[in-house]
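Notes to accompany the following structure.
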Amino acid sequence: MQLTINCDMGEGFGLYRLGDDAAMMAHIDLANVACGFHGSDPSIMRETVRLAKKCKVKVGAHPSLPDLQGFGRRAMVISPAEVTDIVTYQVGALKAFLDAEGLPLNPREAARRTLWHGGSRRKIATAIADAVLPFGVPILGMAFTAHETAYRDKGSN
């Protein structure tokens, strides 16, 4: 059996650093890089992508609800169309940094906690799948939930 170890990375922002990404990066296979809505900022995203490249670690996106103050953990009333837009925006931003470093976008975590749990509802899970479809990568999601069926129906598994 082959295991893939993934880890959320790049979740600091501005002057704030969260976690020791440099120490962890050498021990993982896939870095889920925060995309700026619950943590991270453009400089940290670039720094994290460069660190992953140096350590030969694959990079996936880690989008969230727009909740920097609540670290993506507060519940928000958000429509499926808004979910598609915020996930597309965040994954697109990370993809630009990956393109600048000559790295591909890899399978990604479906979303930050609250958005992920919202993904257990079929409409939100479908909205996430719609956002990721143009990027041509599979989505990591929770088994036996609307994630699994919505992503499979969209060809994102």
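Every number in this text was worked out from the coordinates using simple rules, so none of it is lab data. Worth saying up front: this structure is predicted, and the values here are computed from it rather than measured. Backbone-built Cβ (ideal geometry, glycine too); neighbour counts: all protein chains shown.
Once both axes come from the Cα atoms, what is the angle between helix 122-132 and the longest principal axis of the chain, in degrees from 0 to 90, rounded to 10?
Result, in degrees: 40.
Which of GLY92, GLY141, GLY102 moves most in a GNM of the chain, Cα contacts under 10 Å?
Maximum fluctuation in the GNM of the chain, among the listed residues, is at GLY102.
With contacts defined as alpha carbon pairs under 8 Å and 6 or more residues apart, what's the relative contact order of the chain in percent?
Result for the chain is 19 percent.
Computed FRET efficiency, Cβ-Cβ of GLU82 and ILE5, R0 30 Å: what is it to the nearest 0.05?
My answer for the efficiency is 0.40.
Within straight cross-link reach of LYS95, meaning Cα distance under 16 Å, which lysines are found once same-chain residues fewer than 8 apart are removed?
Result set, ordered by chain and number: LYS53, LYS58.
From the helices alone, meaning DSSP H stretches of at least four residues, give me the mean residue ellipticity at 222 nm for the chain, per-run term -39500 (n - 2.57), in deg cm²/dmol to the nearest 500.
After summing the helix terms and dividing by the residues of the chain, the value is -12500 deg cm²/dmol.
To check my understanding: the extent here is largest minus smallest coordinate of the Cα atoms along each principal axis. What are those three numbers for the chain, in Å, largest first?
Dimensions of the chain along the principal axes of its Cα atoms: 39, 37, 27 Å.
Which of GLY136, GLY60, GLY39 ends up with the largest GNM mean-square fluctuation for the chain, with Cα atoms connected below 10 Å?
Sorting by GNM fluctuation, first place goes to GLY136.
Calculate, for ARG152 and ARG74, the FRET efficiency according to 1/(1 + (r/R0)^6) with r their C-beta to C-beta distance and R0 25 Å; round to the nearest 0.05.
Efficiency, rounded to the nearest 0.05: 0.25.
What does DSSP give for segment 6-112 in terms of the percent of beta bridges that are antiparallel, rounded to the nearest 5?
Within segment 6-112, antiparallel bridges account for around 10 percent of the total.
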